[in-house]
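The block underneath contains the structure these notes are about, expressed in structure tokens.
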Amino acid sequence: MTESIPTDSAQAEDSTEPLLTVEGLRTKFATDAGSLVAVDGVDFTVEKGETVCIVGESGSGKTVATESITGLIDQPPGMIEGKIRFNGHSLTSMTESELRSVRGNEITHIFQNPQEAMNHCYTVGWQIVEAIKIHDEDVTDAEAKARAVDMLDRVGIDNASSRFTDYPHEFSGGQKQRIMIAMALVTDPDLLIADEPTTALDVTVQGQILQLLNDLQDEFEMGILLVTHDLGVVAQIADRIVVMYAGKVMERGSVFDIFDTPSHPYTQQLLDCLPGRGSAVGGIPGKLPDPTNHPDGCRFAPRCAHAVDACKTGSQPEEITIEGDHSVSCVYYTAGYDRSVVEPPSSESTGKKTEVEYSDD
């Protein structure tokens, strides 16, 4: 039987509480070079049925943040601090045994590389059945197989019943990604964490995978926390966006906020890398700071064309609310500074229009 998780608070009965709440998340690793801080005081929420995308360059701390949620970080050498609540329960106060009953059942992960995430010594059907039986010991072999075949069919694997006994190497890259989605959804999770789910897929297959996630989200009413560096992907699937850089949140808001009025210089630089959007074709000049020795002040200041002395002292600027849920961590939005220096010009004044299409479905 699946171990039950005790309710740790009256909030567990509060239907207004977000599906997932992360507060002050800090994940660090002990290394020979010193303490490596990969995630440094990050907050975000995910509502039921909502898609939240965490974006940023490789090395920004996105993957570490999401893997910290379900304790996938080895401790030691890692150390996870902060508060993580899911479905009214504190994940950070759970034992490893209790976490295992949540991980892969109520919260599931799709990892970056399906080629490495799948076991090539076993058929895909066997692997999906194992995922079912680990979290439902009472299910019979016949029932588990029927569920596995049904899920393979739902994610678009043709002739699912006959391909049940095929091995991973007999499927294409796009099919492997669909199989990973099937393995993640076969336990009917409340939250799906997808880490670069369309990496290395061609544009056509990428679009199919994103549409599949949208369709399955509607069917299962689950929340999705998606990690990516590809803002083109974000535009197609996100409800809200959290922009991370060097372990910190630079900006957050709805997909419309971020694409229409990107307010942090880092967000603007990310968008300028999009084809047809801006001029940063070769990427953002400079590189991320050493995570064992982060700079004072704003983490992005060494690469920011607008940085002043105040950007390079103290700690990361507090997040300032611009409007609604749109907030930004930049000194230019604090009292005494002219925010027009970094505010994006309106499309009417520049005549520029984004070529990225995003959906409000």
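Can you give me the number of residues within the stretch 73-94 that are touching a residue at least 60 places away in the same chain (Cβ under 8 Å) and of a type in the set (A, V, I, L, M)? Don't jump to the end; show me each part of the working.
Going through the stretch 73-94, the residues touching a residue at least 60 places away in the same chain (Cβ under 8 Å) turn out to be 82-90, 93-94.
Still in the list and also of a type in the set (A, V, I, L, M): 84, 94.
Matching residues across the stretch 73-94 total 2.
Can you name the number of the only condition in (1) buried (at least 21 other Cβ atoms within 10 Å of the Cβ); (2) closer than 24 Å to Thr21 by Cβ; (3) of a type outside the set (D, E, K, R); (4) out of contact with any Lys or Arg (no Cβ under 7 Å at 6 or more places or on another chain) that Phe220 fails?
Exception for Phe220: condition (1).
Thr204 is checked against (1) closer than 19 Å to Val328 by Cα; (2) surrounded by fewer than 21 Cβ atoms within 10 Å (Cβ to Cβ); (3) more than 13 Å from the chain's Cα centre (by Cα) and fails just one. What number does that condition carry?
(1)
In the list Glu143, Glu137, Glu98, which residue meets the criterion of being free of Cβ contacts under 8 Å to residues at least 24 places away in the same chain, farther than 30 Å from Lys287 by Cβ and surrounded by fewer than 19 Cβ atoms within 10 Å (Cβ to Cβ)?
On the way: Glu137 fails: free of Cβ contacts under 8 Å to residues at least 24 places away in the same chain; Glu98 fails: free of Cβ contacts under 8 Å to residues at least 24 places away in the same chain.
So the residue among Glu143, Glu137, Glu98 that is free of Cβ contacts under 8 Å to residues at least 24 places away in the same chain, farther than 30 Å from Lys287 by Cβ and surrounded by fewer than 19 Cβ atoms within 10 Å (Cβ to Cβ) is Glu143.
With respect to Ile157, determine if the residue is in a strand (DSSP E or B) and more than 17 Å from Glu130 (Cβ to Cβ).
Taking the combined requirement at face value, the residue does not satisfy it.
Just a yes or no: is a residue in the stretch 109-117 touching a residue at least 60 places away in the same chain (Cβ under 8 Å), surrounded by fewer than 18 Cβ atoms within 10 Å (Cβ to Cβ), in contact with a Lys or Arg (Cβ under 7 Å, 6 or more places away or on another chain) and part of a helix (DSSP H, G or I)?
yes
Okay, residues lined up against (1) under 17 Å from the mean Cα position of the chain (by Cα); (2) basic (Lys, Arg); (3) buried (at least 24 other Cβ atoms within 10 Å of the Cβ):
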| residue | (1), (2), (3) |
| --- | --- |
| Asp153 | no, no, no |
| Gly156 | no, no, no |
| Ser161 | no, no, no |
| Thr165 | no, no, no |
| Ser172 | no, no, no |
| Ala182 | no, no, yes |
| Leu191 | yes, no, no |
| Asp195 | yes, no, no |
| Thr198 | yes, no, yes |
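With the checklist (1) closer than 17 Å to Phe111 by Cα; (2) surrounded by fewer than 22 Cβ atoms within 10 Å (Cβ to Cβ); (3) of a type in the set (Val, Ile, Thr) in hand, flag the one item Ile54 doesn't pass.
(2)
Condition check: in contact with a helix residue (DSSP H, G or I) (Cβ under 7 Å, 6 or more places away or on another chain) and touching a residue at least 40 places away in the same chain (Cβ under 8 Å). Does Ile157 satisfy that? First the steps, then the outcome.
Working: in contact with a helix residue (DSSP H, G or I) (Cβ under 7 Å, 6 or more places away or on another chain): yes; touching a residue at least 40 places away in the same chain (Cβ under 8 Å): no.
It is false that Ile157 is in contact with a helix residue (DSSP H, G or I) (Cβ under 7 Å, 6 or more places away or on another chain) and touching a residue at least 40 places away in the same chain (Cβ under 8 Å).
So, in the stretch 297-327, how many residues would count as being hydrophobic (A, V, I, L, M, F, W, C) and in a loop (DSSP other than H, G, I, E, B)?
Initially, the stretch 297-327 is screened for residues hydrophobic (A, V, I, L, M, F, W, C), giving 298, 300-301, 304-305, 307-308, 310-311, 320, 322.
Checking the rest, the ones that are also in a loop (DSSP other than H, G, I, E, B) come to 298, 300, 304-305, 307-308.
Residues flagged as hydrophobic (A, V, I, L, M, F, W, C) and in a loop (DSSP other than H, G, I, E, B) within the stretch 297-327 amount to 6.
Could you tell me which residue of the stretch 286-322 is surrounded by the fewest Cβ atoms within 10 Å (Cβ to Cβ), considering only residues that are in contact with a strand residue (DSSP E or B) (Cβ under 6 Å, 6 or more places away or on another chain) and over 25 Å from Asp260 (Cα atoms)?
So the residue we want is Thr292.
Within the stretch 65-84, work out how many residues are within 16 Å of the chain's Cα centre (by Cα) and either buried (at least 18 other Cβ atoms within 10 Å of the Cβ) or among the β-branched types (Val, Ile, Thr) (or both). First the steps, then the outcome.
From the stretch 65-84, those within 16 Å of the chain's Cα centre (by Cα) are 65-73, 84; that's our starting set.
Those left that are additionally either buried (at least 18 other Cβ atoms within 10 Å of the Cβ) or among the β-branched types (Val, Ile, Thr) (or both): 65-71, 73, 84.
Number satisfying all stated conditions: 9.
Exactly one condition in (1) loosely packed, with under 15 Cβ neighbours inside 10 Å; (2) at pLDDT 85 or above is not met by Leu270; state its number.
Condition not satisfied by Leu270: (1).
Only residues that are part of a loop (DSSP other than H, G, I, E, B) and of a type in the set (Lys, Arg): list them for the stretch 46-97, please.
Restricting attention to the stretch 46-97, the residues satisfying the condition of being part of a loop (DSSP other than H, G, I, E, B) are 47-50, 56-61, 70-77, 87-88, 94-95.
Selection gives Lys48 alone.
Of everything in the stretch 8-50, what is aliphatic (A, V, I, L, M) and either modelled with pLDDT of 95 or more or touching a strand residue (DSSP E or B) at 6+ places or on another chain (Cβ under 7 Å) (or both)? Give them in sequence order. Steps first, answer last, please.
Of the stretch 8-50, the ones aliphatic (A, V, I, L, M) are 10, 12, 19-20, 22, 25, 30, 33, 36-39, 42, 46.
Across the stretch 8-50, the qualifying residues are Ala12, Leu19, Leu20, Val22, Leu25, Leu36, Val37, Ala38, Val39, Val42, Val46.
The values are calculated or read from the model by the stated rules, or taken from the named source; none is laboratory data. What you are looking at is a predicted structure, and each value in this text was computed from that prediction instead of being measured. Neighbour counts run over all protein chains shown; Cβ positions are idealised from the backbone, glycine included.
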